Amino acid sequence: MTVTVRFAWRILISVAASVSVGCSAHGDEGLREALEMASDKRRGELESLIEYNSETPLQRKGAEWIVANMPFNHTLRGPELERYLDFYHLFSVMGKRGIAMVDSLQKADGAFSAASLRADNDLTAMDLERMNDDIELAFRTRREMPWSVNVSEEDFIRYVLPYRIEDEHVSPWRIYARGLFSGVIDSLRDAGCDDPLVAARALIKAWNRKAFQWTGQLPQGPALGMQNLTDKAGTCREFAHGVVYLMRAAGIPAGIDMVPVRGENSAGHSWPFIIGKGGATYVASTENPDFIPAAEFDIVAAKIYRKEFGLNRDIDRGLPADRASRPSTFALPKLSDVTAIYKPGASLDVEPEVADAGGETVYLASWGNNRWVAVDCSPAGERVRFRDVSGGVISVAAVMRNGRLEPVSAPFEMRCGEGKVRYIVPGKGRRILTAYAKFPLNARNGELAERCIGGVIEGADEPTFAHPDTIHVITALPKRRLNEIRFASPTAPHRYYRYVGPAGSHCNIAELTLREAGGDGAALKGRLMGTRGAYDNDPAHDLDKVFDGDIFTSFDYKEGSGGWAGLDLGRPVSLEGLMYVPRNRDNYVRAGDDYELFWFGGCRWNSAGRKMAMSDSLDFEVPEGTLYYLRNYSRGRSERIFEYDFNGRRQHFW
């Protein structure tokens, strides 16, 4: 904003009393409430801001909407904030070395805690001069950019105009983003591009030229603000914020969609979206660096929401008045339900069979880390009903009691393709359940065990393996940590043996043990051979870890493909068997750890016993046909619910 505009704004503020407008002129419940909450002086300033932004009906409407929703937004401030922002900058610049430096700084100066920051509500503390600048620039951008003809007024107000995304310190991010990417924005404007999607794809291509550095090891705290545009580091939250700042600065409606908890993972997730021609939603993420249609985005969750600048009063009215008594997702429901956008034709309304809920608000809940997480709500006093619930997820109906969600139904699965609900209830019989893991072992959940599928153990008579003999092929995901392979008859003798990782696996393997036919069963020793060099030059994951006798170390080859690890035994040896351990994130059962298995029945978890693992599996007697989860009290946090195939002795995780 120019000096002239700033001067005009100050004059308007100084005569606020003479230009203020009565609430009835606004005709908006939210605006009226916001103005009534403000002090007399602040109210005059807010009304002056609205008057100043009355050049067009749309600009006035936008200013009124912003003011109406200021009470539901805040900034986290405090002396510790700069130190917290520096942590992310260090990681952005230094990578893993930055994590070590952050750890050292926290040991020296004390751990950062978001609780040390204070929340300043925007209605009382927001710099209105800065907010006015922001509104002016947003509308100027709308007038300048040719794709604005395909941006509806509602989408502009909700997903371009807001001056903040979350609880960040508000800064001149529009100007900053425009400056960083002026070349791309100006060229799109000068070319007359009228398609928001085309413009968004050009911008994110430019933004992605600098790689985003992912980590979940930094302290949790407030949003980083416009730092996300340059210090590209953190989690899905920081990735999404950077993209949204850039898109909104260019006048492209953008925001953040999220799930409170995933259906196959115990974590929540968020990602950026833009709105294209005709109101269509497009999504970008780590997996999809370009924008793709929302319906093509691969996300498993019972419910999907859009984060909003304003309060969703329809949801809020149906919840208990005491916000502290609500689940965290719905304490201040600044969100809208977009499940049907992501799952068109693949979601159903459900009216679960509920035990006595005592007239309380009933929540739809999915499983998180050792607790149920609310993902939808059904108002108290009404028939329990949840709309547009996506399939492939196990859920329960629950009520809030003593600060926790307590189930009031049996677990159920939405089978949207069949148009029905499957309830999971314990049978009358009891059987032995053998547990091998506490968490899904697939790559979708960040596991590494799948990387060994397609791996081959070979023998040869020459060190080049010019004519290898295939000894064993790993054809399926190993269900347990220690995989003993016994051959029907001894193999042909070979001097050289190796494990060859499948393409794209970085030759990930934790341990390989070769057992000599007629021997004592001990691991054969030999001279190490193979492709040396670990990913990210990490010596903890180099070639020698395959044969070090430690099942908790592993090889992570520096290249995605072409890696192998082998031994020169010094003489031809026949094998009677072998044992291998896939590289993993320690979610298999671990000998020496303390575990408890739970089964679900009677609207609650019931213990099947607590014991120490003596090997890589655990046996429990349980009712068949219900839901289970295995808890490790010794280490780790990742634990998921599962059903069990008693005939195949396999866990089916949800």
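The values are calculated or read from the model by the stated rules, or taken from the named source; none is laboratory data. Quantities reported herein were computed from a predicted structural model and do not represent experimental measurements. Ideal geometry is used to build each Cβ from the backbone, glycine not excepted, and the neighbour counts take in all protein chains shown. Heavy atoms of the whole protein, side chains included, go into the accessibility calculation; ligands, DNA and RNA do not. Shrake-Rupley method; radii C 1.70, N 1.55, O 1.52, S 1.80 Å.
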Is it fair to say ARG495 is touching an Asp or Glu at 6+ places or on another chain (Cβ under 8 Å), charged (D, E, K, R) and surrounded by fewer than 16 Cβ atoms within 10 Å (Cβ to Cβ)?
-> no
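Considering only the range 294-311, I want to know if a residue exists there that is among the charged types (D, E, K, R) and over 25 Å from the mean Cα position of the chain (by Cα). Give the steps one after another, and end with the answer.
Taking the range 294-311 and keeping what is among the charged types (D, E, K, R), we get 296, 298, 303, 306-308.
Okay, now just the ones that are also over 25 Å from the mean Cα position of the chain (by Cα), so none.
Looking through the range 294-311, none of the residues is among the charged types (D, E, K, R) and over 25 Å from the mean Cα position of the chain (by Cα).
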Given (1) in a loop (DSSP other than H, G, I, E, B); (2) of a type in the set (A, V, I, L, M, F, W, C); (3) under 13 Å from TYR580 (Cβ atoms), where does ILE471 come up short, assuming only one miss?
-> (1)
Given the conditions (1) open to solvent by less than 60 Å² (accessible area, probe 1.4 Å); (2) in contact (Cβ under 8 Å) with a residue 12 or more places away in the chain; (3) part of a helix (DSSP H, G or I), and given that ARG60 satisfies all but one, which numbered condition is not satisfied?
-> (2)
Determine which member of the set PRO344, PRO327 is closer than 26 Å to PHE653 by Cα, surrounded by fewer than 21 Cβ atoms within 10 Å (Cβ to Cβ) and touching a residue at least 24 places away in the same chain (Cβ under 8 Å).
-> PRO344
Quick one: how many residues across the range 449-461 are open to solvent by 10 Å² or more (accessible area, probe 1.4 Å) and either under 27 Å from the mean Cα position of the chain (by Cα) or among the β-branched types (Val, Ile, Thr) (or both)?
-> 4
Among (1) modelled with pLDDT of 95 or more; (2) of a type outside the set (A, V, I, L, M, F, W, C); (3) not in a helix (DSSP H, G or I), GLU55 falls short only on (1)
Flag if ALA199 is open to solvent by less than 10 Å² (accessible area, probe 1.4 Å) and either polar (S, T, N, Q) or not in a loop (DSSP other than H, G, I, E, B) (or both) | yes
Return the total of residues in the range 331-344 being touching a strand residue (DSSP E or B) at 6+ places or on another chain (Cβ under 6 Å) and outside any strand (DSSP E or B).
-> 5
Matching helices (runs of 4 or more DSSP H) fully within the range 81-189 where at least 2 residues are touching a residue at least 24 places away in the same chain (Cβ under 8 Å), open to solvent by 70 Å² or more (accessible area, probe 1.4 Å) and of a type in the set (A, V, I, L, M, F, W, C) | 173-180
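Run down ARG486, ARG444, ARG431 and say which single residue is more than 26 Å from the chain's Cα centre (by Cα), under 30 Å from GLY625 (Cβ atoms) and either crowded, with 16+ Cβ neighbours inside 10 Å or touching a residue at least 24 places away in the same chain (Cβ under 8 Å) (or both). Reasoning before the result, please.
Numbers: ARG486 fails: under 30 Å from GLY625 (Cβ atoms); ARG444 fails: more than 26 Å from the chain's Cα centre (by Cα).
It is ARG431.
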Is one or more of the residues making up the range 354-363 crowded, with 16+ Cβ neighbours inside 10 Å and either on the phi > 0 side of the Ramachandran plot or in contact with a Phe, Trp or Tyr (Cβ under 6 Å, 6 or more places away or on another chain) (or both)?
-> no
Restricting attention to the range 14-37, and to residues there that are under 16 Å from ALA63 (Cα atoms) and not in a helix (DSSP H, G or I), which single residue is modelled with the highest pLDDT?
-> ASP28
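Can you find even one residue in the range 66-79 that is closer than 27 Å to ALA233 by Cβ and part of a helix (DSSP H, G or I)?
At the first step, the residues of the range 66-79 found to be closer than 27 Å to ALA233 by Cβ are 73-79.
If we keep only those that are part of a helix (DSSP H, G or I) too, we end up with none.
No; the residues of the range 66-79 include none that is closer than 27 Å to ALA233 by Cβ and part of a helix (DSSP H, G or I).
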Give the range 270-304 a look and list any residue that's closer than 16 Å to SER336 by Cα and not aromatic (Phe, Trp, Tyr), or say none.
-> SER270, PRO272, ILE274, ILE275, GLY279, ALA280, THR281, ALA294, ALA301, ALA302, LYS303, ILE304
So which residues in the range 81-128 are closer than 30 Å to GLU36 by Cβ and β-branched (Val, Ile, Thr), if there are any at all?
-> THR124
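Taking the stated definitions as given, is GLY521 open to solvent by less than 60 Å² (accessible area, probe 1.4 Å), part of a loop (DSSP other than H, G, I, E, B) and at pLDDT below 95?
On the way: open to solvent by less than 60 Å² (accessible area, probe 1.4 Å): yes; part of a loop (DSSP other than H, G, I, E, B): yes; at pLDDT below 95: yes.
Yes; evaluated as a whole, the condition is true for this residue.
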Checked pairs for the range 534-560, first at positive phi and touching a residue at least 24 places away in the same chain (Cβ under 8 Å), second among the hydrophobic types (A, V, I, L, M, F, W, C) and surrounded by fewer than 19 Cβ atoms within 10 Å (Cβ to Cβ), C-beta under 8 Å and 6 or more apart or across chains, list as GLY549/ALA523
